[in-house]
Amino acid sequence: MEIPVINITQLYGDKRSETLSLLHNACAQWGFFWLENHGVSEDLMNKMKGLVNKYYEQDMEKNFYGSGMAKMLGDEKVSSNVDWECSFMYRHQPKSNSHDIPKLLQTTVFEYAEEVIKLAEQLAAAMSENLGLDKDYIKKAFSEPSVGIKVAKYPKCSHPELVMGLREHTDAGGIILLFQDDLVPGLEFLKDGKWIPVPPTEGNRIFVNLGDQIEVMTNGIYKSICHRVLPNKNGSRLSVATFYNPGDDAIISPAPKLTYPSQYRFQDYLNFYSTTKFNDKVSRFQTTKEILK
């Protein structure tokens, strides 16, 4: 299956309606997609990649392979409850922890976060519009969004069959924007009961997936999807994941416009259904809700 690709510049041209439709389908049917022509500086992305790899080679790699977990791998004693990854978390807003991350990355990761936030807000606005909500609905519902970046490397693994790079999970938050390795694969998403490999990045594309709070806010129209990372015996995989999440005090609930009618008499629904059978189901529920208040 070919993962959807959204050209974000086409949201602002003659193909706007077509691109909005593609985005809606990607969010509703897949829960993940590629973004190209996204506006994040290619030079900045390359600089970010270079600095993360440099820090990994200078510091993280030695510490990782010296850990007890890594040393036990050959003995086949690695627990299934651990992940074959090394990472650190940069919190950008509302309160930065820049002094806790590697010094050589502090300036670049700040600049990168600022650009990716703009991209996340464009996506949030387009998603809100697709759902018939005010364009700033998601942003406002996130109540001063929280933004953080997980910088990770999934080290080269001599026995990838014995351990997971990252165990399967859905993401807890909102919109996740991933800048990943352009050579080493490993990321997989579950779709229709099958694991779909996400290939290495081409042309500095950004990979997007949706978190649990988007599924809740959209009343299940958009989905958060289970994913995992497999380790690789041929190389170490880069992952820079930006999380555009609700603020800590945000109150999350389905958007009122998207909830089903709370209660109604079945015969009243059947009467309405008889004239709208071949219309869109979501529109029918919305109209029923208005009629039967």
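The values are calculated or read from the model by the stated rules, or taken from the named source; none is laboratory data. Everything numeric here is computed off the predicted structure, so don't read it as measured data. Because the Cβ atoms are built from the backbone with ideal geometry, glycine has one as well, and the counts that use them run over all protein chains shown. Heads up: the accessible areas ignore ligands, DNA and RNA and are worked out on the full protein's heavy atoms, side chains in. Shrake-Rupley method; radii C 1.70, N 1.55, O 1.52, S 1.80 Å.
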Exercise. Taking the Cα-to-Cβ direction at Ser143 and at Glu2 and moving 7 Å from each Cα, how far apart do the two end points lie in nm?
Worked result: 4.3
Exercise. What is the pair-distance distribution P(r) of the chain, computed from all Cα-Cα distances in 10 Å bins starting at 0, with each bin given as a whole percent?
Worked result: 6, 25, 31, 22, 10, 5, 1, 0
Exercise. Which whole-Hz couplings ³J(HN,Hα) result when phi for each residue of region 191-203 is put into the Karplus expression 6.51 cos²θ - 1.76 cosθ + 1.60, θ = phi - 60°, listed in order with x for Gly and Pro?
Worked result: 9, 6, x, 10, 7, 9, x, 9, x, x, 5, 10, x
Problem set entry | Sites Glu18 and Glu202 - FRET efficiency at Förster radius 30 Å, r taken between beta-carbons, to 0.05 | 0.85
Exercise. Once you put a point 7 Å from the Cα of Asn234 and another 7 Å from the Cα of Trp195, both along the Cβ direction, what distance in nm separates them?
Worked result: 1.7
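Normalised by the number of residues in the chain, what is the relative contact order in percent for Cα pairs under 8 Å and 6+ residues apart? All intermediate terms of the calculation are to be shown ahead of the outcome.
Values: 527 pairs, mean separation 62.0, N = 293.
Worked out over the chain, it gives 21 percent.
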Exercise. Restricting to the chain, what percent of DSSP beta bridges are antiparallel, rounded to 5?
Worked result: 90
Exercise. Any idea how far apart Glu290 and Asp136 come out in nm if each label point goes 7 Å out from Cα toward Cβ?
Worked result: 2.5
Exercise. Share of the chain's accessible area from carbon and sulfur, percent, 1.4 Å?
Worked result: 49
Exercise. Within straight cross-link reach of Lys277, meaning Cα distance under 27 Å, which lysines are found once same-chain residues fewer than 8 apart are removed?
Worked result: Lys223, Lys257, Lys289, Lys293
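Relative contact order of region 1-49: what whole-number percent is it, with Cα pairs under 8 angstrom and at least 6 residues apart?
Details: 39 pairs, mean separation 22.2, N = 49.
Relative CO of region 1-49 lands at 45 percent.
Under the 0.36 nm per residue contour assumption, what length would be gained going from the current alpha-carbon distance of Thr259 and Asn271 to full extension? Before the final figure, lay out the partial values.
Details: separation 12, 0.36 × 12 = 4.32 nm, distance 2.07 nm.
Separation in residues times 0.36 nm, less the Cα-Cα distance, equals 2.2 nm.
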Problem set entry | Residues whose placed amide H lies under 5 Å from that of Ile225, excluding near-sequence neighbours | Asp171, Leu210
Problem set entry | Interchain or long-range residues, amide H under 5 Å from Leu187's placed H | Val198, Leu230
For this session: Read phi for every residue in region 120-132 and hand back ³J(HN,Hα) as whole Hz from Karplus 6.51 cos²θ - 1.76 cosθ + 1.60, θ = phi - 60°, with x for Gly and Pro.
Result: 4, 5, 4, 5, 4, 5, 5, 5, 4, 4, 4, 8, x
Exercise. Please identify the GluC sites (Glu not before Pro) of region 1-109 that satisfy two criteria: DSSP loop assignment and at most 11 other Cβ atoms within 10 Å. Which are they?
Worked result: Glu2, Glu76
Problem set entry | Loop-resident sites, region 187-218, for trypsin sites (Lys or Arg not before Pro), counting at most 15 other Cβ within 10 Å (DSSP) | none
For this session: Show which lysines lie in cross-link reach of Lys156 when reach means a straight Cα distance below 29 angstrom and same-chain residues fewer than eight apart are skipped.
Result: Lys47, Lys49, Lys54, Lys62, Lys71, Lys77, Lys103, Lys191, Lys194, Lys233
Exercise. Which whole-Hz couplings ³J(HN,Hα) result when phi for each residue of region 101-115 is put into the Karplus expression 6.51 cos²θ - 1.76 cosθ + 1.60, θ = phi - 60°, listed in order with x for Gly and Pro?
Worked result: 9, x, 4, 5, 9, 4, 5, 5, 5, 5, 4, 5, 4, 4, 6
Seminar exercise, completed: Between Cys157 and residues 5 or more places away or on another chain, the pairs with built amide H atoms under 5 Å apart involve Asn232, Lys233, Asn234, Gly235
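For region 5-292, with every protein chain kept in place, what is the accessible area per residue (1.4 Å probe, Å²)? Don't skip to the answer; put the middle values down first.
Numbers: 14560 Å² over 288 residues.
That works out to 51 Å² for each residue.
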For this session: Return the single residue from Pro155, Pro145, Pro102 with maximal mean-square fluctuation; model: Gaussian network over the chain, springs between Cα atoms under 10 Å.
Result: Pro102
